[in-house]
C-alpha cells in the first residue's frame, strides 16, 4: 500500500513534480516500509525513483540539509 504525503513543483520545469510517499511492504509480504521519492519531468511519467528504508531516513534528511 502506498500513501502520497506531498507533491512539490519541480523547479525549472513547466509541469514537473517531486512526489514523496510511504510504501508499505514494497518488496513483498513483511518487507519494511520505505520512503519513496519520485520525479516527473513532464507531469505524467516517472523518470526517477528512489526508495529509502525508514531506518535510514533521518541520516538522509540530515545529509540533504547539509547540502543547503
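Take the Cα of residue 18, step 7 Å toward its Cβ, do the same at residue 47, and the gap between the two points is 1.4 nm. Between the Cα long axis of helix 57-67 and the first principal axis of the chain there is an angle of about 30°, rounded to the nearest 10.
Work out how much length residue 27 to residue 67 would gain on full extension: take 0.36 nm times their residue separation and subtract the Cα-Cα distance, in nm to one decimal.
Details: separation 40, 0.36 × 40 = 14.40 nm, distance 3.01 nm.
Value of the extension gain: 11.4 nm.
One decimal place: the segment residue 58-residue 8 gains 16.0 nm when fully extended, by the rule 0.36 nm per residue minus the C-alpha distance.
Using every Cα-Cα pair within the chain, state what percent have a distance larger than 17 Å.
On the way: 1112 of 2278 pairs.
Looking at the chain, the distances longer than 17 Å represent 49 percent of pairs.
Bear in mind that the values in this text are calculations on the coordinates, not laboratory data. What you see is a predicted model, and the numbers here were worked out from it, not measured in a lab. Cβ atoms come from the backbone with ideal geometry, glycine included; neighbour counts cover every protein chain shown.
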